[in-house]
Amino acid sequence: MTAQVPAERRRRSRGGRGEQLMVPDADFRSYHDRPIIKPPVWKVPDVPAYLYLGGTAGVAASLAALADLTGRAGLRRSGRLVAAGGAVTSVAFLIHDLGRPERFLNMMRVIKPTSPLSVGSWILAPFGTATGAAAASEVTGLLPGAGRVAGLAGGVLGPAMTTYTAVLLADTAVPGWHEAYRELPFVFAGSALAAGGGSALVAGHGDGPPRRVAVAGAALELAATHRLETAIGMSAHAYRTGRAGRVLRAARAATVAGVAAALAGPVVDRVGRRSPRRRRLLDAAAGLLLNAGSAATRWGVFDAGMATAWDPAYTVVPQRERLAAREAGDGSAPGATVDR
């Protein structure tokens, strides 16, 4: 179904007597109902899982590196294992979506700074190598010095893992992603922080910084997603409706519930009888909910972008808005809003 022009466009008559209807609501269609731009051929669940796992691994690696520097052995171990597992699994999903492993290797032949995909490949490859080496050293106990260096290297690369996929999406011609180039890095960073901190809660090492990271990340994710759904122009409609809208609402509910559970754990210890088992269950539930919300957020963003790629209205209407603004001598390019 195509998205309608949001409101009847009117122009004030010369006599100033009122507004006259100039262009009625319309459905924009392309020849043979084909999309105007070429939609990406990326698949579900491969790409949403790749987006989610990479961000989670990046935050887990950074937490593990900080834990190593501050003597938190349990958090270091869990963070290294989550980082390595997330990196390897995300690469597996990416290769499955590409179809053949050599396609991923082909992206490593050159470094092209102007290509987010090329830069992202050169972030993912060394990150996966470093986190894999750190995890192997952690599990086997061999070469602890080399494992520490590898873990610290993975921690340095971790922040880039959280947001480079947002840049990759925003650099495409897909309206729902391109128009959100300011918001997507914040959505992905918050989502990754919530999931990475949540993974420490699930592992039982969430006290202190990981809990604060998870809650702060969830707050950023919720705020940035709200802006995504309301302030990016016509494409915001795709984030509020259809399957993407349902998924993002479910993501919001899971994230809010995860924050409530994460905050409830310390409160239970302070105001009630200390119960390690109850606290452990609350933390595990919080971590799982935050990770579910993070994964659903990535899926919703992916789905919304694909919806705008297939519907020609999301390409045509904003272009006409910008053209009309230029012809009127106004430098602004207002985005259309769609509500039904």
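Accessible surface for V110 stands near 100 Å², nearest 10, in the context of the full protein assembly shown (1.4 Å probe).
Report, as a whole number in µm² per second, the diffusion coefficient that Stokes-Einstein gives for region 173-217 at 10 °C and 1.306 mPa s using the Kirkwood radius over alpha carbon pairs. Before the final figure, lay out each step's value.
Numbers: Rh = 11.3 Å.
Answer from the Stokes-Einstein relation: 140 µm²/s.
What's the local net charge at S118, with K and R +1, D and E -1, over the other residues with C-beta under 12 Å away?
+1
First measure r as the distance between the Cβ atoms of A73 and T129, then evaluate 1/(1 + (r/R0)^6) with R0 = 25 Å and state the FRET efficiency to the nearest 0.05.
Numbers: r = 23 Å, r/R0 = 0.93.
Efficiency for this residue pair is about 0.60.
Each residue of region 143-160 was assigned a 3J(HN,Hα) from its phi angle through the Karplus expression (A = 6.51, B = -1.76, C = 1.60, θ = phi - 60°), giving 6, x, x, 5, x, 5, 4, 5, x, 5, 5, x, x, 5, 7, x, x, 5 Hz with x at Gly and Pro. Rolling a 1.4 Å probe across the protein heavy atoms gives region 105-213 an accessible surface of 43 Å² per residue. Which net charge results when you count Lys and Arg as +1 and Asp and Glu as -1 among the other residues whose beta-carbon is under 11 Å from that of L228? Local charge sum for L228: -1.
Summing Cβ point charges (Lys, Arg +1; Asp, Glu -1) relative to the Cα centre of region 46-311 gives a dipole of roughly 940 debye. Residue by residue, region 260-265 carries 3J(HN,Hα) couplings of 4, 5, 5, 6, 6, x Hz when phi is fed to the Karplus relation 6.51 cos²θ - 1.76 cosθ + 1.60 (θ = phi - 60°); x denotes Gly or Pro.
Sorted by accessible area with a 1.4 angstrom probe, largest first, how do M161, M108 fall? Each step should come with its number before you reach the end.
Details: M161 5, M108 40 Å².
Solvent-accessible surface, decreasing: M108, M161.
Residue-wise HN-Hα couplings along region 292-308, as the Karplus relation 6.51 cos²θ - 1.76 cosθ + 1.60 with θ = phi - 60° gives them from phi, are 5, x, 5, 4, 5, 4, 4, 5, x, 4, 4, 5, 5, x, 5, 4, 6 Hz; Gly and Pro carry x.
What a 1.4 Å probe finds exposed on region 213-265 is 67% carbon and sulfur by accessible area, rounded to a whole percent.
Determine by what factor the alpha-carbon radius of gyration of region 46-311 differs from 2.2 N^0.38 Å, reporting the quotient.
Details: Rg = 18.4 Å, N = 266, 2.2 N^0.38 = 18.4 Å.
It is 1.00.
The values are calculated or read from the model by the stated rules, or taken from the named source; none is laboratory data. Computed from a predicted structure; not experimentally measured. Note: ideal-geometry Cβ built from the backbone for every residue, glycine included; neighbour counts use all protein chains shown. Heads up: the accessible areas ignore ligands, DNA and RNA and are worked out on the full protein's heavy atoms, side chains in. Shrake-Rupley method; radii C 1.70, N 1.55, O 1.52, S 1.80 Å.
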